[in-house]
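See structure below.
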Amino acid sequence: MVFALHHTRLLLLLPLPVPALYSRMQEAVTKSNSGLNVSIDLCKVLTGTIHGATKHNVLHLLAFSGYPKVKYIIFIIVLIIYLLGILGNVLVGISVCLTTRLHTPMYFFLANLTILDIVYVSVILPKLLAITITGDTGISYPGCITQIFFYVFSIGTEFLVLTSMAYDRYVAICIPLLYHVIMNRRTCVILAILCCTIGTFNSLMYALLISQLLFPVSSAINHFFCHMKSVLRISCNDSTRIGVLITVDGIVYGLVTFILILTSYMYIISTILKIHTSSGRLKAFSSCSSHIIIVVLFWLTSLSLNMKPEMASSQDKILSMVYIAVVPMLNPLVYSLRNKDVLKAINEVISKIKNKICAN
């Protein structure tokens with residue numbers, strides 16, 4: 001017989017308990033209502049009943065399983081967003097690589113940005129699509145850690161790449177005579193390597209910390225991917241310190257990069273206002289507008305999602321979807337629609353592909 005304990009923070013499928021055990025489980029759930037970690041209490045109660053906690057069990061992503069009537073609609077929407085995001089970023093990346101006139105620092109960082117967008121949507125959305133269409137919510141423990149690693153790596157590195165792009169715009173507008181001296185190929189490569197290195201160490205730290213945690217058998221994460229705070233909530237260990245580290249790291253990471261970008265744009269705006277002609281001001285500002293839009297979208301969604309004290313509600317899932325799926329889809333659209341060089345390069349690449357297909 002199966003006893004289903006359903007809670008907003010945790011779902012476990014358990015053998016039917018004896019009355020004493022049931023009473024202790026109820027006490028554990030009651031504690032959760034006051035903000036305590038329910039999974040710790042349940043792990044203590046259930047030791048031996050579900051063969052203790054294991055580091056190598058299958059976790060379950062609840063995703064949008066609470067809406068079975070609209071699962072096909074969710075599947076189609078997510079699939080379209082995923083395909084558009086991948087296609088758009090691949091087109092922009094290929095266009096930058098194949099078009100010689102786009103071999104500049106700004107577009108070099110843009111190509112890096114497209115790669116990061118492709119990586120983290122590909123780590124998360126295909127699994128969500130599989131869960132939605134098949135109903136199989138299981139994800140292996142190594143698979144969950146892998147999601148965490150690439151998610152943290154991509155997001156953290158994207159913060160730094162956007163900061164590098166802001167510095168590039170600062171040099172181009174504020175000290176244009178030294179632009180090619182400062183933003184040479186060596187500088188760009190060093191900045192890109194530095195971004196990836198910091199992102200790798202940051203993500204590796206979290207992956208290693210979370211890999212040491214224990215989880216009850218058949219633990220369910222009330223999210224559509226292995227978001228760190230949602231994973232910590234179902235851990236048998238006291239994960240308070242890791243939770244605090246995530247919040248502090250997010251604030252420091254976001255704040256430092258935001259201050260650097262804000263400082264760059266303060267100098268940029270000050271310089272633009274000194275330009276005498278309106279056409280000159282418009283030209284200078286248009287070279288920054290795409291970057292500003294992406295920064296605002298990325299910062300608002302990422303910080304509002306990761307800095308919230310509570311997670312795993314339906315609203316948080318929708319916000320996460322905007323952050324993880326919609327923003328990467330919009331990035332290539334913003335850069336192509338607001339940048340004539342990129343749009344022209346994309347059209348050239350599409351024309352070459354059509355010509356090759358027709359020739360064959």
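Remarks
Residues are listed down the side, and each one gets a yes or a no for (1) under 20 Å from CYS226 (Cβ atoms); (2) of a type in the set (Lys, Arg); (3) modelled with pLDDT under 80:
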| residue | (1), (2), (3) |
| --- | --- |
| SER264 | no, no, no |
| SER286 | no, no, yes |
| THR301 | yes, no, yes |
| MET307 | yes, no, yes |
| LEU319 | yes, no, yes |
| PRO328 | yes, no, no |
| LYS340 | no, yes, yes |
| CYS358 | no, no, yes |
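- Scan of segment 242-278 for residues that are in contact with a Ser or Thr (Cβ under 9 Å, 6 or more places away or on another chain) and not in a helix (DSSP H, G or I), ordered by number: none
- Scanning segment 255-300 for residues that are surrounded by 12 or more Cβ atoms within 10 Å (Cβ to Cβ) and of a type in the set (Lys, Arg) returns ARG281, LYS283.
- Subset tally (residues that are free of Cβ contacts under 8 Å to residues at least 24 places away in the same chain and within 14 Å of VAL327 (Cβ to Cβ)) for segment 266-305: 4
- All helices (runs of 4 or more DSSP H) inside segment 110-212 with 1 or more residues being small (Gly, Ala, Ser) and either surrounded by 18 or more Cβ atoms within 10 Å (Cβ to Cβ) or over 19 Å from the mean Cα position of the chain (by Cα) (or both): 141-174, 185-211
- Flag if SER218 is modelled with pLDDT under 80 and within 23 Å of ALA63 (Cβ to Cβ): yes
The values are calculated or read from the model by the stated rules, or taken from the named source; none is laboratory data. Just so it is clear, the model here is predicted, and its values are computed rather than measured. Neighbour counts run over all protein chains shown; Cβ positions are idealised from the backbone, glycine included.
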